[in-house]
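None of the figures in this text is laboratory data; all of them are computed from the coordinates on show. Since the model is a prediction, treat every value here as computed from it, not as a measurement. Please note: Cβ atoms are built from the backbone with ideal geometry, for glycine as well, and neighbour counts cover all protein chains shown.
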């Protein structure tokens with residue numbers, strides 16, 4: 001376990017400051033490669049393949065955008081239990097997902113190092129804590145420049161437990177030697193900056209984006225429903241706070257408000273949530289849809305999108321997709337949600353862990369079709385202006401260019417590493 005790391009790890013954690021010499025040395029190694037002045041950069045997108053969440057979605061969006069831009073971008077997965085990456089023909093590094101064990105981190109890093117040697121000089125863009133640490137350990141001494149992408153606001157950063165102190169020491173090493181650190185929201189940036197002294201010029205916020213053309217309002221928005229439908233699209237995990245929405249549905253049921261709730265997603269909390277629905281007497285109101293391929297149809301079929309998260313969020317893609325589809329959003333004031341949803345304009349924001357506030361917000365939105373339509377239009381306009389995949393990918397690619405040089409401006413599509 002990580003509690004044993006301090007007794008067995010050979011690496012001594014650096015002080016809480018950024019070591020610019022290590023970053024500069026890595027950049028020099030990359031640019032000293034033969035013909036580096038004209039050689040296009042190669043980008044390796046590293047993420048866990050043992051789950052499918054926001055980080056995996058972002059990697060897929062970046063891989064697709066890189067293909068369109070003619071950038072040589074390749075996906076590397078730590079383990080593989082999800083098929084969403086099949087079309088990218090990813091390289092897979094064996095990984096058991098035991099990120100709390102030093103032996104697992106080091107063993108996976110050793111296997112990844114072999115893949116990095118095969119790939120040669122590159123930018124390694126990591127997503128998720130395990131990918132960040134394994135990528136850092138694997139790239140020592142190689143012509144690799146790392147970019148760390150922070151997606152969430154984890155609670156362990158401020159924990160006093162021994163294993164979390166060790167985890168912070170590892171994180172300090174990974175962040176301190178990265179060429180660039182990207183946060184998906186200002187809230188994520190502030191959360192990490194409060195505990196790790198990352199130099200401002202290397203720490204940037206790039207808000208997530210969604211495919212505005214794919215996620216769009218239906219041609220006809222005049223849908224007459226006898227019963228209102230609300231929707232949730234999220235991984236079924238404790239940080240999503242879906243139990244509070246179930247409690248809110250029970251409150252609304254007692255108040256005589258008629259509605260149906262559709263929940264898209266899968267995860268470890270489903271059984272417990274179904275039991276809660278049964279205990280609260282709302283099982284007939286909640287429809288569990290599992291993983292959906294056609295999310296556009298999901299958003300077209302709901303009146304309000306709800307995300308009752310309680311912690312650990314970054315900038316949820318479900319909120320951005322709903323806004324792009326012209327669906328008003330009811331979300332909690334957690335992490336980056338207020339950076340997307342303007343309270344009273346694109347939707348409503350309520351405190352986390354407050355079933356009554358969720359019930360009141362839903363009741364108000366469902367009772368006023370004109371308000372929903374106005375918020376939906378405002379959300380669509382905001383998504384078009386601020387949260388497109390093109391804007392997001394363009395800002396990320398600008399970071400690639402800034403740490404690599406003009407060789408990262410794109411190449412002919414035939415040279416890209418993607419099929």
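Applying the set (1) buried (at least 21 other Cβ atoms within 10 Å of the Cβ); (2) assigned to a loop (DSSP other than H, G, I, E, B); (3) out of contact with any helix residue (DSSP H, G or I) (no Cβ under 9 Å at 6 or more places or on another chain) to residue 198 leaves exactly one unmet item: (3). Name every residue in region 160-186 that is surrounded by fewer than 20 Cβ atoms within 10 Å (Cβ to Cβ) and within 15 Å of the chain's Cα centre (by Cα), in order of residue number. Within region 160-186, 186 is the sole residue that qualifies. Kindly indicate the residue of region 63-96 that is within 19 Å of residue 317 (Cβ to Cβ) and touching a helix residue (DSSP H, G or I) at 6+ places or on another chain (Cβ under 6 Å) and also surrounded by the most Cβ atoms within 10 Å (Cβ to Cβ) among those meeting that condition. Once the filter is applied, the top-ranked residue is 75.
Applying the set (1) part of a helix (DSSP H, G or I); (2) under 23 Å from the mean Cα position of the chain (by Cα); (3) surrounded by fewer than 20 Cβ atoms within 10 Å (Cβ to Cβ) to residue 59 leaves exactly one unmet item: (3).
A residue that is closer than 30 Å to residue 186 by Cα and within 24 Å of the chain's Cα centre (by Cα) can be found somewhere in region 273-292.
In region 275-292, which residues are in contact with a strand residue (DSSP E or B) (Cβ under 7 Å, 6 or more places away or on another chain) and in a helix (DSSP H, G or I)? Passing the criteria: 277, 285. Selection over region 277-295 of residues that are at negative phi and surrounded by fewer than 18 Cβ atoms within 10 Å (Cβ to Cβ) gives a count of 11.
Listed here are the residues, each with its yes/no results for (1) assigned to a loop (DSSP other than H, G, I, E, B); (2) in contact with a helix residue (DSSP H, G or I) (Cβ under 7 Å, 6 or more places away or on another chain).
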| position | (1), (2) |
| --- | --- |
| 147 | no, yes |
| 153 | yes, yes |
| 167 | no, yes |
| 170 | no, yes |
| 173 | no, yes |
| 189 | no, no |
